[in-house]
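One structure below.
The values are calculated or read from the model by the stated rules, or taken from the named source; none is laboratory data. Note that the structure is predicted; figures quoted are calculated from it, not measured. Neighbour counts run over all protein chains shown; Cβ positions are idealised from the backbone, glycine included. For the accessible areas, the whole protein counts, side chains as well, though only heavy atoms, and no ligand, DNA or RNA atoms are used. Shrake-Rupley method; radii C 1.70, N 1.55, O 1.52, S 1.80 Å.
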Amino acid sequence: MTSVIDLNADLGEDDSPAGIAGDIAIMDIVSSCNIACGGHAGSPEIMRTMLAAAKARAIAPGAHPSYPDRIGFGRESIDISLPDLEISLTEQLQDIATIAAEVGVTLTHIKPHGALYNDAQDDSELATLLVDIAARTNLALVGLPGSLVEKKAKQQGIAYIAEAFIDRRYSGKGRLVPRSEVGAVIADEDQRIQQGLSLARGTALTTQDGTPLTIRAQSLCLHSDSNGALETAKKMRLALEHAGIVIGPVG
């Protein structure tokens, strides 16, 4: 059984008062967070608010860059050259790093968002780009276990955080089922909690195609924009603690 596991959430993606309040409430539950830095969502003001809240709660803040696609929320692959993508990701990371320095907090990791996250897991050029950026910024990289990103990160000695999702279905190959497919997002709260416990314990879960799959994860993602996200986050943490699993950031 995993004795310590990180709980993370993607934050700073909703600039409404309710969205900001919800994100800050989730920070009281998780041990790390990934803050949108302008590619798919976010603004300097929201980044500053999220970073200050993370500092106040002593949770590990990370950057959540994406394809430059605010209209599509970064959830679709876009036609962009590798050099232009590198420029965009570098700018996103520079923006949040500048604000983090102003707030007086240190970024700990990079977690790509949405389609970029999924595309890079098995794409050599994208995986190499993300690993190179992580190396330049001296930040850990978050991604799926058993992915090409993980392989390249370890080859270059880059810290890698293997992540799993409590509210997403997996394929038999250990990849996330696309959101466009029915059942890709787990709506039932009890099923989310059971999947989270299986992931934390390293026991098999049932994939979309019915085959058992064991995923070794260091961090579990709690999506802040899912229906009932805050309540699920509270129950997930309680269930993990009841199972004797300590919540804490990686490293």
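Of all the criteria given as (1) touching a helix residue (DSSP H, G or I) at 6+ places or on another chain (Cβ under 8 Å); (2) modelled with pLDDT under 90; (3) assigned to a loop (DSSP other than H, G, I, E, B); (4) not hydroxyl-bearing (Ser, Thr, Tyr), the one not satisfied by Ala217 is (2). Filtered by the rule that a residue be among the charged types (D, E, K, R) and assigned to a loop (DSSP other than H, G, I, E, B), region 129-176 gives Asp167, Arg169, Lys173, Arg175. A count restricted to region 200-236 and to residues that are open to solvent by less than 60 Å² (accessible area, probe 1.4 Å), free of Cβ contacts under 8 Å to residues at least 60 places away in the same chain and more than 14 Å from Tyr170 (Cβ to Cβ) stands at 2. Tallying residues that are at pLDDT 95 or above and assigned to a helix (DSSP H, G or I) within region 220-233 yields 0. Filter region 179-194 down to the residues that are in a loop (DSSP other than H, G, I, E, B) and either of a type in the set (Ser, Thr, Tyr) or without any contact (Cβ under 8 Å) to a residue 40 or more places away in the chain (or both) and list them by number. Answer for region 179-194, where residues must be in a loop (DSSP other than H, G, I, E, B) and either of a type in the set (Ser, Thr, Tyr) or without any contact (Cβ under 8 Å) to a residue 40 or more places away in the chain (or both): Ser180, Glu181, Val182, Gly183, Ala184, Ile186, Asp188.
With respect to the conditions (1) modelled with pLDDT under 90; (2) farther than 16 Å from Val30 by Cα; (3) not basic (Lys, Arg), Asp190 lacks only one, and its number is (1). Candidates Asp119, Asp167: the one that is within 15 Å of the chain's Cα centre (by Cα) and surrounded by fewer than 23 Cβ atoms within 10 Å (Cβ to Cβ) is Asp119.
Evaluated against (1) of a type outside the set (Ser, Thr, Tyr); (2) buried (at least 17 other Cβ atoms within 10 Å of the Cβ); (3) at pLDDT 95 or above, His242 falls short on exactly one condition, (2).
Comparison of Lys173, Lys154 shows that the only residue that is in contact with a strand residue (DSSP E or B) (Cβ under 8 Å, 6 or more places away or on another chain), open to solvent by 80 Å² or more (accessible area, probe 1.4 Å) and without any contact (Cβ under 8 Å) to a residue 24 or more places away in the chain is Lys154.
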